[in-house]
Amino acid sequence: QVQLVESGGALVQPGGSLRLSCAASGSIFSINGMGWYRQAPGKQRELVADITYGGSINYADSVKGRFTISRDNAKNTVYLQMNSLKPEDTTVYYCNAAVRRTPKNPYNDYWGQGTQVTVSS
């Protein structure tokens, strides 16, 4: 089994900052891409940012210049630093990781349970 545990979601005022963390644990041989997605009620889940094992990064246009993704490969952990938060950033954020459980397994996607971010005055 592989578990992704997120933390850091909270209520914050517009213009404020939050840092999300997601730690992967369990039966893990290697992790390729890790990322953050978000999903508002009634909408499709959308990519916020992702990062490869080697450090290549991709951001959604809506968060460029405000959010920063990073990872600690030794800790199997990915972070999302969110600055200049806006009310439209309010939603549930999900962590994703492409995990290989053994050398013979392919990479499979795993998801965290989600963490709520609310931006409101």
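The values are calculated or read from the model by the stated rules, or taken from the named source; none is laboratory data. Keep in mind it's a predicted model, so treat the numbers as computed, not measured. Here Cβ is always computed from backbone atoms with ideal geometry, including for glycine, and neighbour counts include all displayed protein chains. These area figures cover heavy atoms from the full protein model, side chains too; ligands, DNA and RNA do not enter into them. Shrake-Rupley method; radii C 1.70, N 1.55, O 1.52, S 1.80 Å.
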(message) Between G26, G65, G54, which is out of contact with any Asp or Glu (no Cβ under 6 Å at 6 or more places or on another chain) and at pLDDT below 95?
(response) G54
(request) Name the one entry in V99, V119 that is in contact with a Leu (Cβ under 8 Å, 6 or more places away or on another chain), of a type outside the set (K, R) and surrounded by 20 or more Cβ atoms within 10 Å (Cβ to Cβ). (result) V119
(request) Identify all residues within the range 77-90 that are farther than 18 Å from S25 by Cβ, in a strand (DSSP E or B) and open to solvent by 10 Å² or more (accessible area, probe 1.4 Å); write none if there are none. (result) Q81
(message) Tell me whether the range 52-59 contains one or more residues that are under 11 Å from the mean Cα position of the chain (by Cα) and crowded, with 17+ Cβ neighbours inside 10 Å.
(response) no
(message) Can you go through N76, N96 and tell me which one is closer than 19 Å to Y110 by Cβ and within 12 Å of the chain's Cα centre (by Cα)?
(response) N96
(message) I want to confirm something. Restricting to the range 25-44 and keeping residues that are touching a Lys or Arg at 6+ places or on another chain (Cβ under 8 Å) and surrounded by 15 or more Cβ atoms within 10 Å (Cβ to Cβ), which single residue is nearest to Q1 (Cα to Cα)?
(response) I28
(message) Which numbered condition in (1) in a strand (DSSP E or B); (2) open to solvent by 60 Å² or more (accessible area, probe 1.4 Å) is the only one that I69 fails?
(response) (2)
(message) Restricting to the range 84-121, and then to whatever is in contact with a Lys or Arg (Cβ under 9 Å, 6 or more places away or on another chain) and hydroxyl-bearing (S, T, Y), can you tell me which residue is nearest to T52 (Cα to Cα)?
(response) Y107
(request) State whether one or more residues within the range 100-108 are under 22 Å from V5 (Cβ atoms), in a strand (DSSP E or B) and hydroxyl-bearing (S, T, Y). (result) no
